[in-house]
């Protein structure tokens with residue numbers, strides 16, 4: 001009788017493990033990847049007949065969740081330092097790979113009086129007047145694109161002038177929504193989001209010079225315990241088809257030696 005109880009328990013554990021392996025892995029991704037990664041994931045599903053569960057948000061928030069044991073299997077961060085810290089604390093398998101470098105844009109929605117230019121002289125004129133009442137960026141405390149926006153505004157001597165007018169998105173995707181919807185007179189957010197048709201058609205934008213902010217080096221890594229599907233997707237993201245989609249959305253691709 002004891003033997004049969006043990007056998008039943010063993011079969012139960014094995015069946016649970018089989019179900020868990022068949023579940024779609026949870027993927028945590030920086031929100032600047034929303035459109036690009038959805039396109040890549042659609043191709044992956046078609047090519048591999050496997051499902052994924054994509055979640056988009058601020059890299060800082062996902063860093064804290066994974067650090068506390070959240071069941072993500074792959075993390076695509078907009079700031080490579082979050083990956084390094086997770087590896088140092090034993091959460092990722094290794095230090096991952098650099099998959100892209102991001103860029104930021106100055107965006108003005110349709111009907112906004114803000115003139116967009118690469119050195120933000122139009123923004124300075126608008127701030128000095130009364131044309132800018134609200135201006136959107138991601139929260140610099142936990143969103144890498146928010147930090148880049150703050151750095152660009154500080155370097156352009158606009159940060160202090162915009163205090164009291166900033167509308168902070170929980171992540172860069174929310175900041176883009178604030179700006180594109182017209183609820184603000186402008187904003188700074190990811191180039192990859194500005195290229196998405198649903199946003200590009202709602203205003204005008206200009207790519208900001210790279211020297212206005214620290215490089216947005218984006219890195220990904222497998223979380224310890226990642227399953228087969230997450231590993232396949234991790235490898236798929238490094239293939240030419242996926243890299244082509246990233247480039248289409250304005251990401252600067254790393255060379256093989258830069259990983």
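None of the figures in this text is laboratory data; all of them are computed from the coordinates on show. Just so it is clear, the structure is predicted and the values come from calculations on it, not from any experiment. Note that we place each Cβ from the backbone using ideal geometry, even for glycine, and neighbour counts take in every protein chain shown.
Using all alpha carbons of the range 103-251, what is the percent of pairwise distances in each 5 Å bin, ordered from the shortest bin to the longest? Reading upward from the zero bin: 2, 10, 18, 21, 17, 12, 7, 6, 4, 2, 0, 0.
Put a dot 7 Å past the Cα of residue 239, heading toward its Cβ, do the same for residue 252, and the two dots end up 2.8 nm apart. Normalised by 2.2 N^0.38 Å, where N is the number of residues, the C-alpha radius of gyration of the range 183-259 stands at 1.38.
Given 10 °C and 1.306 mPa s, compute D for the range 84-157 with the Stokes-Einstein relation, Rh being the Kirkwood radius over Cα pairs; round to the nearest whole µm²/s. Rounded, D is 106 µm²/s.
At 0.890 mPa s and 25 °C, plugging the Kirkwood radius over alpha-carbon pairs of the chain into Stokes-Einstein gives what diffusion coefficient in µm²/s? Rounded to a whole number, D works out at 126 µm²/s.
How high is the relative contact order of the chain, in percent, with contacts defined as C-alpha pairs under 8 Å that are six or more residues apart?
That works out to 28 percent.
Peptides 95-101, 73-79 ranked from most to least packed give 73-79, 95-101, packing being the mean of other C-beta atoms within 10 angstrom over each peptide's residues.
Using a cutoff of 8 angstrom between alpha carbon atoms and counting only pairs six or more residues apart, the relative contact order for the range 102-212 works out to 42 percent. Label sites at residue 125 and residue 157, each approximated as a point 7 angstrom past Cα along Cα to Cβ, lie 1.7 nm apart.
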